Each structure stands twice: as structure tokens, then as C-alpha cells.
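I have placed the structure first, in the form of C-alpha cells, so that the comments after it can refer back to it.
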Amino acid sequence: MKTALYPGSFDPVTLGHLDIIQRASQMFDTVIVAVMCNSAKTPLFTLDERVKMLKESVKDLDNVIIESFDGLLINYCKEKNIHIVIRGLRAITDFEYELQIAQTNKELSHNQVDTVFLTTNLKYSYLSSSVVKEIASYNGDITPCVSDFVADALYKKYGYEERNK
Ligand code: ADP
């Protein structure tokens, strides 16, 4: 049984993330999506809200499990006996940062944890949670970027009753 871990802040989950999850779910027996609670960034959504949005998003994918974790990724991998971490790559800027993290995790885990990179689906290559939050904060149209219930949650967070159409 091959299990892979897809960690991230998912603040909130976008269609770019979901594309990675969906593709990973076809490559591995089980994919654990782990929401980080120790992110250096201050999240817009609580851990509980982020987990709930992800659970709703993947309800039709039988081999995807949503969890959360705190602390070092490699400790979480050890605890769960996971040796593969998945990360998404959008641009060269992602690569520099991701390569450093991947090598750090490999080193810290004594070669027990490897990172598999999935390149972005081109139609989502511009998409990040930060961009989506910025558009939503001005009541812009985020319907091409996130699921409807995530869009509703975002507009609510920014005090808009309805999405801009
Ligand atoms: P972080 O974990 O750095 O806070 P996110 O939670 O936003 O970042 O993203 C988790 C992972 O998903 C990262 O590997 C990121 O590169 C990837 N990702 C985010 N948006 C996209 C996208 N549009 N296409 C492909 N991968 C993405």
C-alpha cells in the first residue's frame, strides 16, 4: 500500500489544490491531505474551517483522507509511516523554495522521506490562496478559482452578503 502525504496551509483550498489532490489520488493507494496549523502566516480561516472545506471538497474521492498536524513534517510522516510527500509546482519561484524544503526533509528524515512534485494544471498556474483572498476582499469574482461553498465562505469572511456576478 502506497500512501502519500500532501501538506499545506489550504487557506482556503483552491481548484489548483484540488487538481493536485485528484491526480495524486490516482497515483497512490491513499492520499492524506494534512492541514498545517503551525504556518508562519496568520491564516484567514481557522484550522477547523480549513479542514471542513477540504472534507467537503474531496467527499467523492474514496482514498483521500483529511487530517491536520502541528510541528515538523518529518515527525508526522514518521508517526504515520509515510515516505512520500507531494507538493505542487506552479513556477520557478515555487521550485527554489520547494527544493530547499524537500532536501531539508530528506536530510532530517535520514533519507526516509522523499518529495514528489506534481506540476500545476496550466489553467490553474496563476492560482494561489493569497490571490483568491485578495480578489474576494474586493468582492471580485472568484468563482473560476474555488468551489462554490469556498467562495461563499470567503465572501462571508470579508463581510459581503453575496458573491459578485
Ligand atoms: P503552503 O503549504 O506553502 O502554505 P499552500 O497551502 O497554498 O502553500 O499549497 C500547498 C501546496 O499546493 C504547495 O506545494 C503549493 O505549491 C501547491 N499549490 C498551490 N496552488 C497550486 C496550484 N494552483 N497549482 C498547483 N499546485 C499548487
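The values are calculated or read from the model by the stated rules, or taken from the named source; none is laboratory data. Fair warning: this is a prediction, and the values are worked out from it, not measured in the lab. Every residue, glycine among them, receives a Cβ derived from its backbone with ideal geometry; neighbour counts consider all protein chains shown. Side chains are part of the model used for accessible areas, which takes the heavy atoms of the whole protein and leaves out ligands, DNA and RNA. Shrake-Rupley method; radii C 1.70, N 1.55, O 1.52, S 1.80 Å.
Restricting attention to the stretch 4-29, which residues are in a strand (DSSP E or B) and either surrounded by fewer than 17 Cβ atoms within 10 Å (Cβ to Cβ) or near the ligand (Cβ under 8 Å from one of its atoms) (or both)?
In the first step, residues of the stretch 4-29 are kept if they are in a strand (DSSP E or B); the result is 4-8.
Correct list: 6, 7, 8.
Considering the stretch 1-26 alone, what residues qualify as being more than 23 Å from residue 143 (Cβ to Cβ), touching a residue at least 40 places away in the same chain (Cβ under 8 Å) and more than 8 Å from the chain's Cα centre (by Cα)?
2, 3, 4, 5, 24
Could you please find all residues in the stretch 48-79 being without any contact (Cβ under 8 Å) to a residue 40 or more places away in the chain, open to solvent by less than 50 Å² (accessible area, probe 1.4 Å), assigned to a helix (DSSP H, G or I) and out of contact with any helix residue (DSSP H, G or I) (no Cβ under 7 Å at 6 or more places or on another chain)?
Answer for the stretch 48-79, where residues must be without any contact (Cβ under 8 Å) to a residue 40 or more places away in the chain, open to solvent by less than 50 Å² (accessible area, probe 1.4 Å), assigned to a helix (DSSP H, G or I) and out of contact with any helix residue (DSSP H, G or I) (no Cβ under 7 Å at 6 or more places or on another chain): just 51.
Of everything in the stretch 30-43, what is in a strand (DSSP E or B) and either crowded, with 19+ Cβ neighbours inside 10 Å or near the ligand (Cβ under 7 Å from one of its atoms) (or both)? Give them in sequence order.
31, 32, 33, 34, 35, 36, listed by residue number.
Given the options 85, 132, 150, 116, name the one that is closer than 18 Å to residue 21 by Cβ, among the β-branched types (Val, Ile, Thr), open to solvent by less than 70 Å² (accessible area, probe 1.4 Å) and touching a Cys at 6+ places or on another chain (Cβ under 6 Å).
Among 85, 132, 150, 116, only 132 is closer than 18 Å to residue 21 by Cβ, among the β-branched types (Val, Ile, Thr), open to solvent by less than 70 Å² (accessible area, probe 1.4 Å) and touching a Cys at 6+ places or on another chain (Cβ under 6 Å).
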